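Structure first, then comments.
Nothing in this text is a laboratory measurement; each read-out follows from the coordinates by a stated rule. Bear in mind that the values here come from a model prediction, so they are computed numbers and not experimental data. Cβ atoms come from the backbone with ideal geometry, glycine included; neighbour counts cover every protein chain shown.
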Amino acid sequence: MSDQTGRNTQRPSIIPRSEHTVSRANISNNAIKVLHRLHKGGFQSFLVGGCVRDLLLKHQPKDFDVATDASPEEVRKLFRNCRLIGRRFRLAHIHFGREIIEVATFRATHDELDDDDIRGQTDAGGRILRDNRYGKLEDDVWRRDFTANALYYTLDGYSIWDFVGGFKDVEQRVLRVIGDPETRYREDPVRMLRAVRFAAKLDFSIDDPSEAPLWDLGHLLADVPPARLFDEIIKMFLAGRALESFRLLEHYRLLAHLFPALVAELEKDTDHRFRKLLLEGLATTDQRVREDKPVTTFFLFAVLLWAPIRKRFDGLHGGGKPPIPAMQQAVEDVVKAQQAHISVPRRTTIPLKEMLALQSRFNLRKGVRSLRFLHHPRFRAAYDFMLLRASSGDFDAQAAQWWTDIQLADDKTRREMAQVGRGGGAGKRKRRPRRRGARKRTADQGGQA
């Protein structure tokens, strides 16, 4: 069996320890325990996928995955701390406190299945629906998506087994699909997003045959469950390379299939106000990841959906709806439409609505309400988003500076600033002159109560 480049996938090229840079010192001790126990139980076992690739690139892997010829049930017999998960493909999760080592049984290729099996596991477009067929190591290689992710590290001689030229591709920083790219994308359209994510994350180029179908197959993403797309978007945008990921999604015309309302507004964004906010927001997210600061999904989706939310808000508020209810309704409407493409869970939408509903309060800088606002639980997130708006021309820069200054001031200065603050009212209301006899009538009514 060979891939589209003619490489043999039956006999691996074995890279000895002296010719690669993977060191056991950088491998999780728990992953090594799993490899040893599987080997002792009479099974093949390898570290595989992104962890091997990252170790070669001198990155510290986030997870360590193991591939074996043991079935999930056989893995569970060896490890009391094992839990089997998954429906499309059964996996064994071995728990070591907070660390989980994922163990997958070698998968069979579709060439191993008869026509009835294939029809039962794929849809009319070629997308794989079920995948619980196990095979040999040589088959498993063929089922992986990119050559850079198809490297197998074994404790037997501490060597790397390479069936498809992935070792050289990692060295040359090239992302190459294993097999026919269009067929593989049709089998699982999420592979197109993974191509973008890995290219952005690793600073790899996508080779020409793997790149060519990306421009034309974006419509296949409509067949992917929206909840799965949410998970992929989070991996893509909260890993420190959000800005580059966005650029590539737009470049390959995939963005319109994920965020159609955003793309529609960007096309009408003649002054580039929304694009500037979006790019600065993604750049800020990347910086926070690099500095190991917390990032949140609701802030990310505020950045990605602000353009259509703002348009909807302007229509509602311009029609007479008060600003806070108008913003809440705008968020609900835009998110509801977005759910058809990417499922955004309530744990994201609720704080998203709360944060954006606070934006109108930044217009009110006079009186005690401005001081109380500083202690609102969502103030910091709302303030950060307001700064993005100010930097892109979507909010008054002087007002933004006032909110920055008042946070740095002492209590006395804060009270003085609140007394003279400007920007949209919120000061003490002027008392209406009482009519004669009003005081007496009020007192009488109070007495009756």
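As a rough footprinting exposure proxy, the listed residues SER370, SER360 were ranked by other beta carbons within 10 Å of their own, and the order from fewest upward is SER360, SER370. GNM on the chain, alpha-carbon springs under 10 angstrom: the most fluctuating residue among GLY393, GLY49, GLY165 is GLY393. Simple rule: put +1 on each Lys or Arg Cβ and -1 on each Asp or Glu Cβ in the chain, find the dipole, and look at THR147, HIS272, GLY218; the Cα lying farthest toward the positive end is HIS272. Largest GNM mean-square fluctuation across LEU387, LEU300, LEU374, computed for the chain with C-alpha springs under 10 Å, falls on LEU374.
Among THR21, THR147, sorting on how many other beta-carbon atoms sit within 10 Å of each Cβ, with the fewest leading, yields THR21, THR147. Placing dummy labels 7 Å off each Cα toward the beta-carbon, the span from ASP269 to ASP156 is 5.4 nm. Exceedance of the 23 Å cut-off in Cα-Cα distance is limited, within the set LYS40/LYS77; LYS33/LYS62; LYS235/LYS311, to LYS235/LYS311. With only Cα atoms counted, the chain has Rg and Dmax values of 28.3, 102 Å.
Put a dot 7 Å past the Cα of LYS33, heading toward its Cβ, do the same for LEU408, and the two dots end up 5.1 nm apart.
With no solvent and one equal point scatterer placed on each C-alpha of region 13-184, evaluate the Debye formula and give log10 I(q)/I(0) for q = 0.08, 0.12 Å⁻¹, two decimals. Here the Debye-derived log intensity ratios amount to -0.25, -0.56. Across the chain, Cα pairs under 8 Å and at least six residues apart give a relative contact order of 10 percent. On full extension, the segment bounded by ARG83 and ARG415 gains 113.7 nm, given 0.36 nm per residue less the C-alpha separation. In this structure, ASP63 and ARG378 have a Cβ-Cβ separation that, at R0 = 35 Å, corresponds to a calculated FRET efficiency of about 0.60. The calculated FRET efficiency for the pair GLN398 and ASN26, based on their C-beta separation and a Förster distance of 56 Å, comes to about 0.65.
Straight-line cross-link reach from LYS412 at under 29 Å between alpha-carbon atoms covers these lysines, not counting any fewer than eight positions away in the same chain: LYS366, LYS428, LYS430. Candidate cross-link partners of LYS168 among the lysines, defined by an alpha-carbon separation under 20 Å and a same-chain spacing of 8 or more, comprise LYS58, LYS201.
With the simple model of a label 7 Å out from the Cα in the direction of the Cβ, ARG253 to THR183 spans 2.5 nm.
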